[in-house]
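Report on the following structure.
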Amino acid sequence: MTIWQANPRALSLAVLCMSVLPNVWADTEHYNNLLIGDRAAGLGGAYTAVSDDPSGLYYNPAGVVYASEAEVSASGNAYQGVSKTYSNLNDSDFEWNRFSGGMVANYFGVFKPVGPGVAGFSIAIPDYVLENQNDMFDEVRVASDPAKEYTGWHVDHNDEDTTTNMGPSYAIEWSDDLSVGITLYAHMRKKEMIHSEEVYLRDKDTPTNTGFSWTRTHVQTSEFGIRPLLGIMWAPMEKWSVGLTGSFTEILAQTRERKSCGINNATAAKDGENTVITLVAMTDVSIPETSGGSCTFVQQADRTLPVQVTAGVAYFASDSLMVTGDFSFYGATNERESTWNTAVGAEYFLDSVWGLRGGFYTNNANTKEISSTASLREHVDLFGVAFSVSRHAKDSSMTAGVNYALGSGQAVTSPGSNRIQDLSINAFSVFISTSTSL
């Protein structure tokens with residue numbers, strides 16, 4: 001009897017480590033991952049009914065007609081990081097911590113009056129993942145009897161996933177209290193992930209009973225499409241404004257490829273000069289009945305993106321105080337459920353130079369609630385807060401701020417297993433931006 005046959009829990013962990021974790025690295029389970037702009041980010045993204053600076057080209061292009069003059073703005077997340085902790089991976093108290101982080105300049109926008117309206121151009125990065133992780137775990141207990149078997153687990157993971165929206169905008173004032181605008185973005189996504197794992201098992205009492213498996217997964221994704229964004233801004237009464245936007249993404253060309261290679265060599269106790277080899281099947285990897293390995297190539301199904309509708313309202317209580325709120329709905333796709341997000345924010349100017357902003361926002365999961373029969377996925381609803389400080393000069397301003405979101409939920413990381421993992425997520429960003437009048 002092999003170590004794998006004697007201890008199904010050891011086999012379960014081996015299958016878990018070797019075949020499934022690469023599938024749950026990229027955060028496609030949420031739509032509100034990076035807040036865009038400076039003023040908008042400080043308000044938690046509640047900007048659809050305001051949108052009177054260059055970041056309005058992204059939130060609601062109809063709002064830029066109310067800007068007092070032409071303006072250019074550049075924003076950057078000085079640092080953005082996401083931490084995930086998985087527990088209940090096996091029968092021990094073993095937890096696995098993942099971290100992604102990096103610097104990204106996620107917005108540039110400019111607009112000026114042209115003809116009867118306002119023309120603009122913007123570049124936005126609403127999604128960004130950069131993970132480089134190399135973990136080595138020794139003597140992780142995988143059995144109910146902690147003195148029996150141990151495993152060594154080496155994970156080397158590199159993942160870069162960036163989505164970029166880039167394109168022109170135009171807005172006109174339809175009447176004294178109504179404006180309309182449109183942004184036509186080119187949608188571009190580029191992802192490359194390389195993930196390799198080595199799993200070692202041994203029997204503490206019988207060291208000749210050992211097991212070894214290795215897998216390497218290479219995922220490449222590219223997308224190109226268009227994302228039209230139509231916006232309306234309405235001022236029904238003094239001090240109030242209402243904004244409404246609708247958008248969808250039509251992917252015109254995409255490639256989603258996955259190549260997986262693996263070797264599995266589980267050695268049983270020796271019987272004289274003979275060694276019995278027991279091989280373990282791994283997801284997306286076809287292992288022949290030898291001690292060698294093989295590779296498989298999978299062309300994954302095309303992805304679709306949701307229709308998004310956002311409604312916002314803003315109340316300008318005085319020259320120094322504004323309160324605003326947004327509600328966004330995202331339709332279902334071929335891979336995700338429909339979901340929604342909300343944001344509320346407030347802005348207060350201490351004087352003509354210093355302004356403070358704060359906000360609360362959600363980043364809800366677009367996956368189903370987790371069950372024991374679920375396929376590989378995560379379900380964690382995130383709740384975030386934002387804060388920023390701005391200093392205004394005659395023709396320019398500079399803003400610094402922070403966003404922090406957290407949540408806890410569940411994940412399924414092993415196909416065919418009835419074990420559900422507990423998952424907690426913490427995400428934060430530190431952003432700086434500047435804008436100037438032209």
query = Restricting to strands (runs of 3 or more DSSP E) lying wholly in the stretch 319-383: which have 3 or more residues that are free of Cβ contacts under 8 Å to residues at least 40 places away in the same chain and not small (Gly, Ala, Ser)?
reply = 321-330, 339-349
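Can you find, within the stretch 150-167, the residue that is modelled with the lowest pLDDT among those that are hydrophobic (A, V, I, L, M, F, W, C) and open to solvent by less than 30 Å² (accessible area, probe 1.4 Å)?
Checking each candidate, the answer is TRP153.
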request  = Kindly indicate the residue of the stretch 221-243 that is open to solvent by 80 Å² or more (accessible area, probe 1.4 Å) and part of a strand (DSSP E or B) and also nearest to PRO168 (Cα to Cα) among those meeting that condition.
outcome  = LEU230
query = Does the stretch 25-48 include one or more residues that are basic (Lys, Arg) and at pLDDT below 50?
reply = no
task = Go through (1) open to solvent by 40 Å² or more (accessible area, probe 1.4 Å); (2) modelled with pLDDT of 95 or more; (3) charged (D, E, K, R) and name the single condition GLU335 misses.
result = (2)
inquiry  = What pairs come out if I take residues in the stretch 297-310 that are under 11 Å from ARG256 (Cα atoms) and pair them with residues that are surrounded by fewer than 17 Cβ atoms within 10 Å (Cβ to Cβ) and aliphatic (A, V, I, L, M) whose C-beta lies under 8 Å away, six or more apart or interchain?
reply    = ASP302/ILE251; ARG303/ILE251
key: Residue list for the stretch 352-377, filter: surrounded by 15 or more Cβ atoms within 10 Å (Cβ to Cβ), of a type in the set (Val, Ile, Thr) and either touching a Gly at 6+ places or on another chain (Cβ under 9 Å) or modelled with pLDDT under 85 (or both)   = THR362, ILE370
ask   = Looking at SER83, SER51, SER55, SER92, which one is at pLDDT below 90 and either open to solvent by 30 Å² or more (accessible area, probe 1.4 Å) or among the small types (Gly, Ala, Ser) (or both)?
value = SER92
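Is it true that TRP214 is open to solvent by 60 Å² or more (accessible area, probe 1.4 Å), of a type outside the set (Asp, Glu) and modelled with pLDDT of 80 or more?
In short, no.
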inquiry  = So ASP381 passes all but one of these: (1) at pLDDT 95 or above; (2) over 15 Å from LEU423 (Cβ atoms). Which condition number does it fail?
reply    = (2)
key: Residue in the stretch 100-109 that is more than 29 Å from MET193 (Cα to Cα) and either buried (at least 18 other Cβ atoms within 10 Å of the Cβ) or modelled with pLDDT of 85 or more (or both) present   = yes
message = So for the stretch 345-362 (the condition being closer than 27 Å to THR413 by Cβ and small (Gly, Ala, Ser)), does at least one residue qualify?
response = no
query = Which pairs have Cβ atoms under 6 Å, sit 6 or more apart or on different chains, and link a residue in the stretch 78-89 that is touching a residue at least 60 places away in the same chain (Cβ under 8 Å) and closer than 23 Å to LEU35 by Cβ to one that is assigned to a strand (DSSP E or B) and of a type in the set (Phe, Trp, Tyr)?
reply = GLY81/PHE428; SER83/PHE99
key: Residue in the stretch 287-296 that is modelled with pLDDT of 75 or more and open to solvent by less than 50 Å² (accessible area, probe 1.4 Å) present   = yes
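If only one of ALA62, ALA67 is modelled with pLDDT under 85 and farther than 29 Å from MET193 by Cα, which one is it? I'd like the intermediate steps shown before the answer.
Working: ALA62 fails: modelled with pLDDT under 85.
Only one candidate passes the filter, namely ALA67.
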request  = Read through the list (1) open to solvent by less than 10 Å² (accessible area, probe 1.4 Å); (2) free of Cβ contacts under 8 Å to residues at least 12 places away in the same chain, then give the number of the only condition that LYS394 fails.
outcome  = (1)
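The values are calculated or read from the model by the stated rules, or taken from the named source; none is laboratory data. Everything numeric here is computed off the predicted structure, so don't read it as measured data. Neighbour counts run over all protein chains shown; Cβ positions are idealised from the backbone, glycine included. Side chains included, ligands, DNA and RNA excluded: accessible areas come from the protein's heavy atoms. Shrake-Rupley method; radii C 1.70, N 1.55, O 1.52, S 1.80 Å.
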